[in-house]
Structure formats: structure tokens, C-alpha cells
Amino acid sequence: RLDFVGGAAPRSGTTWLAKCLGEHPGICVPIKKEPHFFLYDSRYQQGLSYLQKLFPPCNHKKLKGEWSNMYLYSPETAQRLYRHNPQMKILMCLRDPIQRAYSQYLNRKYNASIMPLYSFKHIIKHEEKYRYLSYGLYAKHIRHYQSLFPEKNIHIMFYEEVIQNPV
């Protein structure tokens, strides 16, 4: 049973945050970041034995959790997480929506997952295809979690604040 889950906007510092959590002696995280167990039907339908295989052997006193960015955007994932553990802590990291979209553009351009000649302006003009801006519409996605989990169980942080004060 997981004690916490991180769900966030892509390009919001989650790789660093997940690594920091994994280094804490009281926290157990999966071997690989972003297993997306609660997001993809094919993984979720394999049950908790599949989830358990994602984790290294953990001391039972440790908190267990995982971080998968796209959890933020899925109402079904929020429901699955609640059914899994209604007392679970939900961590969310958000970023200025335009800066986040531009960072995503640069990352995908660098990794050649979009045509290297496409400009950011072109990507934004074709929002229906690329959805860079829609990932920055956080409020409706956060509401899914707020409708299920108590406010005290949801922690929202902002990339810009984490960068300024990582401690």
C-alpha cells in the first residue's frame, strides 16, 4: 500500500524531487521513476503484485510512494488512488504554464520527438495536436483530487519556489 503519490505537470522539476525523496532513508520509491501504475489500464489490471514488483525490498517501517507526472491529468487515476488508500498524501508540483510549455517544447525538440524545424509559435498554433498549453490548465485537474482527498492530504508546490529554496 502506498503512503504517497506525486503527480505533476511535465517539466516541473519532478525528476529532481523524486530523486530527493528516494535518497531519504525513511522513504521507499520504485526502482524506476514514473511507473504510471494507476494511470494505464494494462498495468493497473495486473493488480498490486505488479505494483509491488516495481519497488526494491523495503523495510516495512518506511513510507512507500511513487511519482508519475501524468497522474495529475487523469480523473480515473484520482479515483484509483483513492480506492487504493483514501488517506494517501498527494504531492503536486506545478510551474508557470507558459514557462512549462516552452520547457516541454525545448525538451521535445532536443530529443527529436517533434520536428526540429517547428517553432514554438507553430506548436502553440496547433494546440489541438500538441496540447502544450492545455497541460498548464491545472485548476480543473486539481479539483478531481480535492473532491476525493482531504485538503490536509494534498500538498501543492511550485517549481519556481522549489528552485529558489530547495531546502
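The values are calculated or read from the model by the stated rules, or taken from the named source; none is laboratory data. Fair warning: this is a prediction, and the values are worked out from it, not measured in the lab. Methodologically, a virtual Cβ is constructed for each residue, glycine included, from the backbone with ideal geometry; neighbour enumeration extends over all protein chains shown. The accessibility values were calculated without ligands, DNA or RNA, using every heavy atom of the protein model including side chains. Shrake-Rupley method; radii C 1.70, N 1.55, O 1.52, S 1.80 Å.
Our estimate of slack between ARG143 and HIS126, defined as 0.36 nm per intervening residue step minus the Cα-Cα distance, is 3.4 nm.
Shape analysis of the range 1-127 yields a ratio of the Cα radius of gyration to the Kirkwood radius, Rg/Rh, of 1.03.
Over 18 Å between Cα atoms, which of LYS33/LYS109; LYS19/LYS64; LYS19/LYS109; LYS109/LYS129; LYS32/LYS152 qualify? Checking Cα-Cα distances, LYS33/LYS109; LYS19/LYS109; LYS32/LYS152 exceed 18 Å. Among the protein heavy atoms of the chain, carbon and sulfur supply 56% of the accessible surface, probe 1.4 Å, non-protein parts ignored. For the chain, the solvent-accessible area of protein heavy atoms averages 60 Å² per residue (probe radius 1.4 Å; ligands and nucleic acids excluded). For the chain, which cysteines have no disulfide-compatible partner, meaning no other cysteine Cβ under 4.7 Å? By the Cβ distance rule, which asks for a partner under 4.7 Å, the isolated cysteines are CYS20, CYS93. Note on the range 1-68: along the principal axes its Cα atoms extend 31, 29, 16 Å, ordered by decreasing extent. Pair-distance distribution of the range 96-167: all C-alpha pairs, bin width 5 Å, starting at 0; shares per bin in whole percent are 3, 13, 19, 18, 15, 15, 10, 5, 1, 0. For the range 10-56, the list of trypsin sites (Lys or Arg not before Pro) that fall in a loop by DSSP and count at most 14 other C-beta atoms within 10 angstrom reads LYS32.
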